[in-house]
Number of protein chains: 2
Amino acid sequence: VPVLARRAAIVGCGLIGGSVGLALRERGWHVTGADAAPDRAARALELGAIDAVGSDPGAEITFIATPVRQVAEAAHAALAAGPGLVTDVGSVKAAVVTEVHDPRFVGGHPMAGSEQEGVDGSRGDLFEGAVWVLTPGPTTDDEAYATVHAVVSSLGADVVSLDPEQHDRTVAVVSHVPHLTAATLMRLADERAEEHGTFLRLAAGGFRDMTRIAGGSPAIWPDICGDNRDAILDVLDVLIADLRQMRTVVEADDRDGLLDRLHQAQKARVSLPVRGGPAQPMVEVRIPVPDRPGAIAGIMTLAAELGVNVSDLEVAHSSEGGGVLILVVEAEAAPALRDALAEDEIRSSSTPLP
Amino acid sequence: VPVLARRAAIVGCGLIGGSVGLALRERGWHVTGADAAPDRAARALELGAIDAVGSDPGAEITFIATPVRQVAEAAHAALAAGPGLVTDVGSVKAAVVTEVHDPRFVGGHPMAGSEQEGVDGSRGDLFEGAVWVLTPGPTTDDEAYATVHAVVSSLGADVVSLDPEQHDRTVAVVSHVPHLTAATLMRLADERAEEHGTFLRLAAGGFRDMTRIAGGSPAIWPDICGDNRDAILDVLDVLIADLRQMRTVVEADDRDGLLDRLHQAQKARVSLPVRGGPAQPMVEVRIPVPDRPGAIAGIMTLAAELGVNVSDLEVAHSSEGGGVLILVVEAEAAPALRDALAEDEIRSSSTPLP
């Protein structure tokens, strides 16, 4: 290990913690890992996901990759142990961000997983092309945010900054309720299958796709459903109401109503953003930022609200205090961002990148 | 074209019709194809899915691959045009089997599809390892059934014989309601996405898997929902009730209730039969059959009810009338089949295959 290697720590050596470790080590970091289960930490060491088992008070950044309900406590411990930054990878964010208000803490959630669970499923390329949400809170320091953004981006992830509440409402729709629905469909089919031996042999590709996530470990779901209960209940209510409408359409043999609904779904599905699409022309947008907490996080959250993907971020300090935030975004998206900034009386400039 | 090639006809040159044509031609058949849209038939010819455009009254077997609502009329026309057998590939079976009661007609439904629709998506290997349901009716001739079974098996499909009503109830659970649910989830997410530009960027693999089928063409669904309405409404009611239960579990923070449901779903998903699993030891079961219509179809339907997969079938005639049905099934499954036959006072014998 080179003496000058950047140092990171991982708390929780599961699939995500192990993958963060592998990805960081591939990029030259020195990674120390801990886990409540000593054999998991030992296995992470064996797999090369960490350099050493234990804690590292000198780590520049600590990734909390424990189950959701243990994140706040682990984050507080890491913040108390040393001067470094702390981020986490939990699937629900508002509760944690409310509990951990420290300038050096940045909430996060990589939207990546694997069929294979546990540290043995870890992959150094797990985050390449994946969206990694950051949810800076009102007390998050801009430098801390910019550093976490840079480290996470360096692992190949597309960083999206969101309000913690907006994150939680969104994942209720695109992750939590779909999971509960997949499990419900699978149980329903399983119960029907008891009536007839051939039943599940008729389950072709579409059914397999729809129920794939129901094959995952249930262990993480009670915490997720507890922490994101309100958003999940809200989305379940809408889903149930929409299915009742679909039932009415089918019952009435309302062909046009059915076609309208299916066409809308088809159009939306076909235009779902694809990971790693063709490279777009990029521009650098330079934005003067006042030297006050949350200024950069506020701009990043605005970019996310506008659907502007920030593929790189840098903060250049000026001698008069404050500084310049330099964002790399798709050329097509830059005008919308600059217009929105102008409405807040922030004058930005933009330069095409080669 | 060799003079002695077996001759087949295809009515409806879409994805399934074209794939049947390609698969038969690869096996030496001469295939004639027709389509209500002349350019589709021309395209099938161009792609090598058929040898000639038009009808073939001398075809040994005609595959009706039109939209569901046109199957009965096309089947009647094909039965009237020549002495050959007729089968279809429609997604709903009870309505068609009721309308077409002819000894030479055998209803069918290959459980295979492709992301690419239309004749351009056709593949000669589309049915390899796929389940192909046959739904012989009370008037179906045993020889006709056995021939269709043999032809369809020769394309690489696993044939499962079912009552038309059992088929329709099953596909409501494993295909029709999942499709409507995927579309409903996709619409819900799409409507939420209008509130926030980044929304759908957070849709990771699980959501993409769950909504994939919603990207398919809506055109076939009004007919399917119309023809299989009762079964679909029944399953939608159960799904809605189950989702309401799931809502109650989440609202009450009932961790054990949630874990129970997710564990049941996980177990069922993990044990979903996989296409083309490892080869099992097989046996030949010889079953004497009386010379009356529907005897063989009845035995095949019994096998399916027991979950016994018949991978090959042959009928040997005896000089005294009647004959012997020879089924190739997994050794493990043979005793259950033979026991059930014995209950109907049918004495079978079984020989291990090498």
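The values are calculated or read from the model by the stated rules, or taken from the named source; none is laboratory data. All figures in this text were calculated on a predicted structure; none of them were measured in a lab. Here the Cβ is made from the backbone with ideal geometry for all residues, glycine too, and neighbour counts use every protein chain on show. With ligands, DNA and RNA removed, areas are computed over all heavy atoms of the protein, side chains included. Shrake-Rupley method; radii C 1.70, N 1.55, O 1.52, S 1.80 Å.
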Here, A:Ser311 and A:Glu343, labelled 7 Å along Cα→Cβ, have an inter-label distance in nm of 2.6
Any chance you could give the angle, 0 to 90 degrees and rounded to 10, that helix B:177-193 forms with the longest Cα principal axis of chain B?
-> 30
For peptide A:228-234, the mean count of other chain Cβ atoms within 10 Å per residue Cβ is 2
Counting only protein heavy atoms and leaving out ligands, DNA and RNA, the solvent-accessible surface of A:Glu314 at a 1.4 Å probe, in Å² to the nearest 10, equals 110
How large, in percent, is the carbon and sulfur part of the accessible surface of chain A at a probe radius of 1.4 Å?
-> 50
What average number of partner chain Cβ atoms lie no more than 10 Å from the Cβ of the residues making up A:85-97?
-> 0
Would you kindly find the accessible area of A:Glu143, with a 1.4 Å probe and non-protein molecules such as ligands, DNA and RNA excluded, rounding to the nearest 10 Å²?
-> 80
With a 1.4 Å probe on protein heavy atoms only, work out how much accessible surface A and B bury together, total over both chains, in Å² to the nearest 100.
-> 9400
Round to the nearest 10 and give me the degree value, 0 to 90, for the angle of helix B:255-270's Cα axis relative to the longest principal axis of chain B.
-> 30
Using only Cα atoms, locate the centre of the stretch B:228-305 and the centre of the stretch A:125-162, then give the distance between them in Å, rounded to an integer.
-> 43
Heavy-atom accessible area with a 1.4 angstrom probe orders B:Asp163, A:Asp88, B:Asp190, most exposed first, as B:Asp163, B:Asp190, A:Asp88
If each part is reduced to its alpha-carbon centroid, the stretch B:1-63 and the stretch B:190-226 end up apart, in Å, by 34
In nm, spacing of pseudo-spin labels at B:Ala36 and A:Arg255 (7 Å Cα→C-beta vector) = 1.0
Does anyone have the angle between helix B:71-81 and the longest principal axis of chain B? Alpha-carbon axes, 0 to 90°, nearest 10?
-> 10
Between A:Arg292 and A:Ala241, the two model label points (7 Å from Cα along the beta-carbon direction) sit apart by a distance in nm of 3.9
Under a GNM of chain B (C-alpha, springs under 10 Å), which listed residue has the highest mean-square fluctuation: B:Ala150, B:Ala252, B:Ala231?
-> B:Ala252
Please label the shape of the protein assembly as shown as rounded, prolate or oblate, based on the square roots a ≥ b ≥ c of the eigenvalues of the alpha-carbon gyration tensor (a/c under 1.5 means rounded; beyond that, a/b larger than b/c means prolate, else oblate).
-> prolate
Have a look at chain B and give its Rg and Dmax from the Cα atoms, expressed in angstrom.
-> 22.4, 77
Within straight cross-link reach of B:Lys267, meaning Cα distance under 26 Å, which lysines are found once same-chain residues fewer than 8 apart are removed?
-> none
Take the Cα radius of gyration of the stretch A:140-211 and divide it by 2.2 N^0.38 Å, with N its residue count; two decimals is plenty.
-> 1.81
Taking R0 as 35 Å and r as the Cβ-Cβ distance between A:Thr351 and B:Arg123, the FRET efficiency 1/(1 + (r/R0)^6), rounded to the nearest 0.05, comes to 0.10
Find the accessible area per residue for the stretch B:106-168; the probe is 1.4 Å, ligands and nucleic acids are left out, and the unit is Å².
-> 29
Take peptide A:168-177, look around each residue's Cβ out to 10 angstrom, count Cβ atoms belonging to other protein chains, and average those counts.
-> 6
For A:Arg40, B:Arg269, give the ranking by accessible area with the largest first, probe 1.4 Å.
-> A:Arg40, B:Arg269
How much length, in nm to one decimal, is gained on full extension between A:His76 and A:Leu4, taken as 0.36 nm per residue of separation minus their Cα-Cα distance?
-> 23.2 nm
